[in-house]
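Trainee: Following this message is one structure expressed as structure tokens.
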Amino acid sequence: MLRSLCAEWRKTRRRFDGLLLLLVAGTALLMGVGGAPDSLQELACGYSAIFYTLPIVHGLVMPVGMAALCSRLWDEETRSNTAKLLFTLQSRGDFFAAKTLLGLFDLLVLAGLEAVGLLAMGRLYAFTEALDVGQLVWLLAGGMAVEAVLFAAFTLLQLRFGSPVVLLGVGLGCSMCGFFLAMLADIGGMAAPVLYAVPFTWFLPLSGMRMEWDAAARRAVYLPQPRQYALLAAALGLCLLLTLWGRHAVAGKEV
Amino acid sequence: MFLKALWRSIRAEDSKLRGARVWAVFFLIPLLSAAYGTFSFCYNSATVTRDWNGLWGQHTLYYALFFFAPMAAIYAAWLWRLEHLGHNWTLVLSMPVPPLCLVLAKLAATFKLALFTQMWMWLLFFGCGKLWAGLPGVPPAACLLWALRGAVAAVPVLALQLLLSMLWRGFAPPVLLALLGGVVGFLFVSNGWGLYWPYGLLVLGMNANQGYDLLAGQAPPFAAACAGFTFLFCAAAGAWLKRRDIA
């Protein structure tokens with residue numbers, strides 16, 4: 001197992017996975033934060049606004065991001081058609097587990113990059129609101145859980161089709177659907193029940209913050225909302241299920 | 001001689017698109033965008049004007065900002081994919097075809113796809129407007145012009161994506177860069193600098209989510225920006241290919 005993990009780690013050296021993660025985190029933060037706050041009111045709820053918008057942005061960016069990450073992890077095997085050879089040279093279970101562990105490590109790095117970026121934004125724009133560490137941890141945990149589901153689902157697609165076009169195409173479609181459902185849920189709560197039925201939109205119900213429009217003061221008010229631990233557990237369960245399915249698919253691959 | 005080689009290269013690139021999986025992306029993404037755009041148009045009847053221009057705004061808002069550039073990136077990455085497989089680069093570089101021909105042929109093939117995408121998007125816009133939103137009459141000619149302008153604006157984006165996909169052996173990173181480019185393009189356009197960023201040209205060209213023509217009186221600078229960026233990226237790709245050694 002350790003040898004498989006070392007082999008996978010060596011493959012990352014010339015792949016610049018870090019740059020890819022930086023791209024995903026940078027895109028999400030750029031969209032989530034947008035321009036600089038232009039009023040004292042906005043500075044006073046700077047972190048809360050990001051905690052609210054970032055899950056919506058995740059719904060748009062992460063399906064494509066996870067498709068890209070998964071495609072990247074399997075890139076060498078796909079391009080040079082060496083997966084079948086590797087299945088005969090090393091334990092298939094270890095091979096798949098090493099890829100999965102590396103993917104999870106990448107998700108951790110992604111969450112770390114987002115946390116650092118978020119804190120840097122707070123410093124840069126001098127938010128006057130104190131950072132709620134609990135909200136930050138919940139945002140990262142919820143995001144990582146859904147990203148892990150997406151990663152496991154894309155791994156299955158990769159094993160089935162072996163083509164990055166399918167992964168990226170499905171990722172783009174999921175991004176579009178996720179973002180639209182998030183917007184619909186946002187404008188009238190009309191898609192809210194649908195969000196629970198579509199796992200790649202779970203970023204939104206897992207959000208720790210909601211927004212209400214104060215028409216009298218003409219400003220957005222951000223309020224904490226109950227944390228859905230059951231949905232987080234469901235995400236982790238689904239991720240485990242998809243991973244086991246992927247492992248089974250690898251075990252049954254013909255060479 | 002150059003034109004003959006270019007024509008042969010274009011036909012070779014065209015053959016890569018026959019039965020390719022990118023056609024699924026071509027059909028589905030504009031379809032999803034049209035479904036959302038029309039739904040949003042019908043739902044927001046209080047805030048969106050009930051005419052073809054209002055529907056155009058809803059159809060193109062997110063399509064131009066976030067989805068068209070990654071689609072173009074998938075087209076470009078697909079056409080370089082074969083070269084990145086195995087030892088195909090050696091074969092490609094040893095063929096008696098000028099390097100620039102290869103780049104221009106790929107640009108022509110992807111432009112054809114982008115043009116078809118825009119036409120498909122316009123057909124969906126027309127169909128959704130008539131059958132779903134129940135709008136009277138036909139769309140104004142300006143909407144067709146904006147769709148075609150979107151295809152023109154796609155040329156520099158395709159040239160850039162072809163350059164990125166050529167340099168980066170992986171399929172996915174250039175697609176992610178296109179998504180980031182679209183987001184940055186939005187910031188450029190909102191600050192009035194859309195002409196200076198290739199991805200911003202898509203928003204300007206398609207007149208995304210605007211009731212008035214964003215390019216009124218600015219057609220020459222828009223055309224110059226498209227031509228300039230395209231020349232720059234194609235020249236860079238051609239120069240890089242010329243210098244690349246056979247491995």
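Trainee: Here are some residues: A:153, A:98, A:182. Which one is of a type outside the set (Phe, Trp, Tyr), in contact with a helix residue (DSSP H, G or I) (Cβ under 8 Å, 6 or more places away or on another chain), under 30 Å from residue B:46 (Cα atoms) and in a helix (DSSP H, G or I)?
Mentor: Within the list A:153, A:98, A:182, the selection yields A:182.
Trainee: Take residues that are within 25 Å of residue B:205 (Cβ to Cβ) and among the aromatic types (Phe, Trp, Tyr) and tell me which of the helices (runs of 4 or more DSSP H) falling wholly in region B:15-129 contain 1 or more.
Mentor: By residue number, B:22-43, B:52-62, B:68-84, B:99-127.
Trainee: For region B:79-96, give me the residue count where each residue is out of contact with any Phe, Trp or Tyr (no Cβ under 7 Å at 6 or more places or on another chain), under 21 Å from residue B:7 (Cβ atoms) and either within 14 Å of another protein chain (Cβ to nearest Cβ) or open to solvent by 40 Å² or more (accessible area, probe 1.4 Å) (or both).
Mentor: So the answer is 8.
Trainee: Filtering region B:130-171 down to residues that are within 14 Å of chain A (Cβ to nearest Cβ) and without any contact (Cβ under 8 Å) to a residue 40 or more places away in the chain, which residue is farthest from residue B:204 (Cα to Cα)?
Mentor: Within region B:130-171, the match that is farthest from residue B:204 (Cα to Cα) is B:170.
Trainee: For region B:134-160: of the residues being within 18 Å of residue B:175 (Cα to Cα) and in contact with a Cys (Cβ under 8 Å, 6 or more places away or on another chain), which is surrounded by the most Cβ atoms within 10 Å (Cβ to Cβ)?
Mentor: B:153
Trainee: Residue A:242 is checked against (1) of a type outside the set (Gly, Ala, Ser); (2) open to solvent by 30 Å² or more (accessible area, probe 1.4 Å); (3) assigned to a helix (DSSP H, G or I); (4) in contact (Cβ under 8 Å) with a residue 60 or more places away in the chain and fails just one. What number does that condition carry?
Mentor: Among (1) of a type outside the set (Gly, Ala, Ser); (2) open to solvent by 30 Å² or more (accessible area, probe 1.4 Å); (3) assigned to a helix (DSSP H, G or I); (4) in contact (Cβ under 8 Å) with a residue 60 or more places away in the chain, the lone unmet condition for residue A:242 is (2).
Trainee: Now a separate question. Under the condition of being small (Gly, Ala, Ser) and surrounded by fewer than 21 Cβ atoms within 10 Å (Cβ to Cβ), which residue from region A:124-155 is farthest from residue A:48 (Cα to Cα)?
Mentor: A:141
Trainee: Yes or no: region A:183-195 includes at least one residue that is away from chain B (no Cβ under 13 Å) and surrounded by fewer than 16 Cβ atoms within 10 Å (Cβ to Cβ).
Mentor: Within region A:183-195 (the criterion being away from chain B (no Cβ under 13 Å) and surrounded by fewer than 16 Cβ atoms within 10 Å (Cβ to Cβ)), the answer is yes, since at least one residue qualifies.
Trainee: Residue by residue through region B:206-221, note down the ones that are touching a residue at least 60 places away in the same chain (Cβ under 8 Å) and surrounded by 13 or more Cβ atoms within 10 Å (Cβ to Cβ).
Mentor: B:206, B:207, B:208, B:209, B:210, B:213, B:215
Trainee: Regarding region B:21-28, can at least one residue be identified that is among the basic types (Lys, Arg) and more than 8 Å from chain A (Cβ to nearest Cβ)?
Mentor: No, because not a single residue in region B:21-28 is among the basic types (Lys, Arg) and more than 8 Å from chain A (Cβ to nearest Cβ).
Trainee: A follow-up question, please. Need pairs with beta-carbon distance below 8 Å; first residue farther than 12 Å from residue A:172 by Cα and within region B:48-74, second among the aromatic types (Phe, Trp, Tyr) and open to solvent by less than 10 Å² (accessible area, probe 1.4 Å); sequence gap 6+ or separate chains.
Mentor: Short answer, once both residue conditions are applied: B:48/B:41; B:54/B:41; B:55/B:41; B:55/B:125; B:56/B:125; B:58/B:41; B:59/B:41; B:59/B:125.
Trainee: Identify, please: which residue in region B:161-175 is outside any helix (DSSP H, G or I) and open to solvent by 20 Å² or more (accessible area, probe 1.4 Å) and is, among those, modelled with the highest pLDDT?
Mentor: B:168
Trainee: Now, a different point. Tell me, which helices (runs of 4 or more DSSP H) lie completely within region A:31-92 with 2 or more residues that are within 13 Å of another protein chain (Cβ to nearest Cβ) and surrounded by fewer than 24 Cβ atoms within 10 Å (Cβ to Cβ)?
Mentor: Answer list for region A:31-92: A:46-73, A:75-79.
Trainee: Pull out all pairs, ordered by first then second residue, where Cβ-Cβ is under 8 Å, the residues are six or more apart or on different chains, the first lies in region A:10-26 and is charged (D, E, K, R), and the second is open to solvent by 20 Å² or more (accessible area, probe 1.4 Å) and at pLDDT below 80.
Mentor: A:11/A:76; A:15/A:76
Trainee: To continue, here is another question. Quick check on residue A:152: is it on the phi > 0 side of the Ramachandran plot and either within 14 Å of chain B (Cβ to nearest Cβ) or in contact (Cβ under 8 Å) with a residue 12 or more places away in the chain (or both)?
Mentor: no
Trainee: Right, something else. Restricting to region A:156-173, and then to whatever is assigned to a helix (DSSP H, G or I) and open to solvent by 20 Å² or more (accessible area, probe 1.4 Å), can you tell me which residue is farthest from the other protein chains (Cβ to nearest Cβ)?
Mentor: A:156
The values are calculated or read from the model by the stated rules, or taken from the named source; none is laboratory data. Note that this is a predicted model, so its numbers are computed, not measured. Using ideal geometry, Cβ is built from the backbone for each residue, glycine included, and neighbour counts are taken over all protein chains shown. Note: areas computed on protein heavy atoms with side chains; ligands, DNA, RNA excluded. Shrake-Rupley method; radii C 1.70, N 1.55, O 1.52, S 1.80 Å.
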